[in-house]
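See structure below.
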Amino acid sequence: MSQPQKIFLKNLQGSSPAFVISAIFNNSITSQLNHFVVCEDEESAAYVHNTIENLTNGLNVFYFPSSFKNKKNYRLLNSSHVMLRTEALTKLGGSGNKKILITYPEALFEKVVLPETLVG
């Protein structure tokens with residue numbers, strides 16, 4: 001089993017981060033590895049996700065957004081974002097092809113229900 005690797009991309013402009021990530025994802029050395037991408041904010045994560053999806057045919061590229069409609073009001077859930085989060089976690093936990101999960105810090109801070117809690 002491979003050891004996790006960390007790559008920090010800095011001072012890249014426009015779509016260049018997405019091109020670098022896509023090249024890593026498509027490289028034969030990383031053919032069975034999942035990739036976790038944390039962008040600076042929601043807008044850049046959505047942009048990177050869209051570009052990578054187009055560069056890699058998008059079958060195993062998942063966006064992991066925040067569940068909320070508004071950063072100031074945590075009572076208003078965005079149901080489509082909740083579905084995207086659930087799909088991403090379900091697919092990432094499954095077997096099969098390598099996957100890319102693209103997110104941003106605010107989305108990572110949200111708690112996720114443990115599978116045992118849902119089953120029990």
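Under a straight-distance cross-link criterion of Cα-Cα below 19 Å, which aspartates and glutamates are reachable from Lys91, leaving out those fewer than 8 residues away in the same chain? The qualifying aspartates and glutamates are Glu53, Glu110, Glu116. Estimated at 0.36 nm per residue, the fully extended path between Ile29 and Glu87 surpasses their Cα-Cα distance by 18.2 nm.
Cβ-Cβ distance of Gln13 and Phe36, R₀ of 22 Å, FRET efficiency by 1/(1 + (r/R0)^6): the value works out to about 0.45.
Throughout, read-outs are computed from the coordinates displayed, never taken from laboratory work. If you're wondering where the values come from, they're calculated on a predicted model, not measured in any experiment. Note that each Cβ is placed from the backbone with ideal geometry, even for glycine, and that neighbours are counted across all protein chains shown.
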